[in-house]
Amino acid sequence: MNSHHQRHWIAFSTLLTREIRRFFRIWPQTILPPAITMTLYFIIFGNLIGSRIGEMGGFTYMEYIVPGIIMMAVINNAYANVASSFFSAKFQSHIEELLVAPIPNYLILAGYVAGGTARGLCVGVIVTIVSLFFTHLSVAHIWITFSMVLLSAILFALGGFINAVYARSFDEISIIPTFILTPLTYLGGVFYSISLLPDFWQNVSLLNPVLYMVNAFRYGMLGISDIPIVAAFSIILLFIAALTAFALYLLDKGTGLRN
């Protein structure tokens with residue numbers, strides 16, 4: 001490895017390590033709340049309501065909703081980590097040190113996104129462990145399961161980064177999760193199959209990117225999906241490419257960073 005690549009690797013790994021240490025240091029705010037929230041979902045939707053709903057897609061209702069709940073935890077935490085961390089760096093004015101350092105912008109973006117992805121996956125593992133207390137988990141396609149959860153975490157970490165670039169106050173960090181992210185996840189087939197919906201709402205649901213993530217992840221675990229898996233991967237990769245290009249454009253322009 002030449003010195004140029006070595007410098008870049010040190011810069012990236014330092015950023016990633018800082019991000020991981022940050023969310024582990026404040027674990028009662030970052031890791032514990034989602035674990036408690038998802039446990040409540042399992043108890044209320046899985047145990048109490050699920051026993052009355054019966055089967056869905058040939059599985060118990062609890063088995064059916066577990067992949068969606070895990071995915072919901074992953075994308076919310078990947079998003080929140082980058083949004084809060086990058087905005088804090090702006091707010092406390094130590095982002096300038098990164099911007100003047102001899103680090104290319106794509107490495108700054110990669111460091112933050114990798115940190116958000118790490119928190120998303122960490123919370124995902126915890127929620128998966130919690131789910132084992134409520135139901136039996138099986139994985140039909142291990143690589144589809146892992147690649148989909150990884151790509152989804154990356155996509156929402158990028159979304160969190162873009163939110164943080166534009167945000168001018170801490171309040172603006174919570175607007176997107178409250179008014180966009182939460183409705184998208186609840187309407188993304190976490191708790192139901194879209195085949196239960198009227199035709200019009202099925203077609204509307206197909207505009208929701210979360211639907212593709214939840215269904216592809218459910219296919220990876222249970223082997224059932226409401227949508228074609230190739231379409232799910234194609235759409236998510238397309239979104240990742242678009243958001244990466246947009247985030248780099250914002251960094252290059254210095255939007256929200258130099259004013």
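The values are calculated or read from the model by the stated rules, or taken from the named source; none is laboratory data. Note that this is a predicted model, so its numbers are computed, not measured. Positions of Cβ are backbone-derived with ideal geometry, glycine not excepted, and every protein chain shown enters the neighbour counts. To get the accessible areas, we keep the full protein, side chains included, count just its heavy atoms, and leave off ligands, DNA and RNA. Shrake-Rupley method; radii C 1.70, N 1.55, O 1.52, S 1.80 Å.
Cβ separations smaller than 6 Å between residues 6+ apart or across chains give the following pairs from the stretch 2-24 residues that are under 12 Å from residue 82 (Cα atoms) and touching a residue at least 12 places away in the same chain (Cβ under 8 Å) to residues that are of a type in the set (Ser, Thr, Tyr) and surrounded by 16 or more Cβ atoms within 10 Å (Cβ to Cβ): 23/30. Of the helices (runs of 4 or more DSSP H) contained entirely in the stretch 102-206, those carrying at least 3 residues that are of a type in the set (A, V, I, L, M) fall at 105-131, 142-166, 170-176.
For residues in the stretch 237-259 being open to solvent by less than 20 Å² (accessible area, probe 1.4 Å) and more than 15 Å from residue 155 (Cβ to Cβ), which is modelled with the lowest pLDDT? Per the stated criteria, the residue is 257.
As for the stretch 236-247, it holds at least one residue that is free of Cβ contacts under 8 Å to residues at least 60 places away in the same chain and over 22 Å from residue 86 (Cβ atoms). Scanning the stretch 92-101 for residues that are of a type in the set (A, V, I, L, M, F, W, C) and either surrounded by 16 or more Cβ atoms within 10 Å (Cβ to Cβ) or part of a loop (DSSP other than H, G, I, E, B) (or both) gives 95, 98, 101. Restricting the stretch 207-242 to residues that are among the hydroxyl-bearing types (Ser, Thr, Tyr) and assigned to a helix (DSSP H, G or I), the residue that is nearest to the chain's Cα centre (by Cα) is 212.
Among the residues of the stretch 38-71, write down those that are exposed (fewer than 15 other Cβ atoms within 10 Å of the Cβ) and either small (Gly, Ala, Ser) or closer than 19 Å to residue 156 by Cβ (or both). Spell out how you get there, then give the answer.
The initial filter retains those residues of the stretch 38-71 that are exposed (fewer than 15 other Cβ atoms within 10 Å of the Cβ), namely 40, 43-44, 47-49, 51-52, 54-55, 58.
The answer is 51, 54, 58.
Being open to solvent by 70 Å² or more (accessible area, probe 1.4 Å), closer than 22 Å to residue 173 by Cα and of a type in the set (Phe, Trp, Tyr), is that true of even one residue in the stretch 4-23? No, there is no match, as no residue in the stretch 4-23 is open to solvent by 70 Å² or more (accessible area, probe 1.4 Å), closer than 22 Å to residue 173 by Cα and of a type in the set (Phe, Trp, Tyr).
Taken over the stretch 147-165, the residue count meeting the criterion of being at pLDDT below 95 and open to solvent by 50 Å² or more (accessible area, probe 1.4 Å) is 0.
The set of residues from the stretch 127-141 being of a type outside the set (Ser, Thr, Tyr) and surrounded by fewer than 17 Cβ atoms within 10 Å (Cβ to Cβ) comprises 129, 132, 133, 136, 137, 139, 140, 141.
Each row is one residue, and each column tells you yes or no for (1) farther than 24 Å from residue 122 by Cβ; (2) touching a helix residue (DSSP H, G or I) at 6+ places or on another chain (Cβ under 8 Å).
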{"position": "6", "(1), (2)": "yes, no"}
{"position": "17", "(1), (2)": "no, no"}
{"position": "21", "(1), (2)": "no, no"}
{"position": "27", "(1), (2)": "no, no"}
{"position": "35", "(1), (2)": "no, yes"}
{"position": "39", "(1), (2)": "no, yes"}
{"position": "46", "(1), (2)": "no, yes"}
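The condition of being aliphatic (A, V, I, L, M) and farther than 21 Å from residue 79 by Cβ holds for only one of 31, 36, 44, 26, that being 44.
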